[in-house]
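In what follows, a single structure is set out as structure tokens and then discussed.
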Amino acid sequence: MEFADQTAPDLARIEEMAYAARDALPAPWAEAAASVVIRVEEVADPAMLAELEMDDPFELTGLYDGIPLTQKSVMDQPEGPDQIWLFRRAILDEWADRGNVTLGELVTHVLIHEFAHHFGWSDDDIASVDRWWE
């Protein structure tokens with residue numbers, strides 16, 4: 001393979017990978033995930049980082065923004081659709097650092113982690129079944 005002509009995947013390609021991963025979810029998760037908007041940006045904006053008390057945008061690969069299904073009520077007045085944010089530059093940085101997974105695997109992992117928050121799982125719940133970062 002000739003690498004001199006290769007470029008990093010752009011926002012659209014990362015988004016394609018994310019939607020393909022969402023479309024591959026099995027029932028019953030697929031139905032619950034279908035209404036979540038996936039957004040891909042270069043890095044998290046300063047307001048997001050400030051809200052999370054983070055300084056380095058390269059430490060945030062993804063973020064769930066919404067009300068988890070376990071907390072939703074018919075009384076809720078949604079301000080917008082639930083969203084999952086993926087951050088291209090942070091994902092590419094993580095991918096390069098790891099060197100032992102494909103980019104598609106990493107995008108899928110980050111997306112599924114954020115969907116777990118949508119389904120109502122805490123970070124501790126996710127860590128108990130997903131040892132990815134070890």
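Test ASP56 against the criterion of being of a type in the set (Asp, Glu) and out of contact with any Leu (no Cβ under 9 Å at 6 or more places or on another chain), and give yes or no.
Judged against the criteria, ASP56 is not a match.
Restricting attention to region 18-41, which residues are surrounded by fewer than 14 Cβ atoms within 10 Å (Cβ to Cβ), over 12 Å from the mean Cα position of the chain (by Cα) and outside any helix (DSSP H, G or I)?
Those that are surrounded by fewer than 14 Cβ atoms within 10 Å (Cβ to Cβ), over 12 Å from the mean Cα position of the chain (by Cα) and outside any helix (DSSP H, G or I): ALA24, PRO26, ALA27, PRO28, ALA34, SER35.
Please state which one of ALA90, ALA44 is among the small types (Gly, Ala, Ser), surrounded by 10 or more Cβ atoms within 10 Å (Cβ to Cβ) and in a helix (DSSP H, G or I).
ALA90
When region 49-63 is examined, which residues are found to be of a type in the set (A, V, I, L, M, F, W, C) and within 20 Å of HIS109 (Cβ to Cβ)?
LEU52, MET54, PHE58, LEU60, LEU63
Given the condition part of a helix (DSSP H, G or I) and either in contact with an Asp or Glu (Cβ under 7 Å, 6 or more places away or on another chain) or in contact (Cβ under 8 Å) with a residue 12 or more places away in the chain (or both), answer yes or no: does some residue in region 58-72 qualify?
Scanning region 58-72, I find at least one residue that is part of a helix (DSSP H, G or I) and either in contact with an Asp or Glu (Cβ under 7 Å, 6 or more places away or on another chain) or in contact (Cβ under 8 Å) with a residue 12 or more places away in the chain (or both), so the answer is yes.
Based on this model, can you work out whether GLU53 counts as of a type in the set (Asp, Glu) and either part of a loop (DSSP other than H, G, I, E, B) or crowded, with 17+ Cβ neighbours inside 10 Å (or both)?
yes
Would you please name the residue that is surrounded by the most Cβ atoms within 10 Å (Cβ to Cβ), looking only at residues in region 56-77 that are under 17 Å from ILE14 (Cβ atoms) and of a type outside the set (Ser, Thr, Tyr)?
Top of the filtered list is GLY62.
Laboratory data are not the source of any read-out in this text; all were calculated from the coordinates shown. Keep in mind it's a predicted model, so treat the numbers as computed, not measured. Neighbour counts are summed over all protein chains in view; Cβ atoms, including those assigned to glycine, are modelled from backbone coordinates with ideal geometry.
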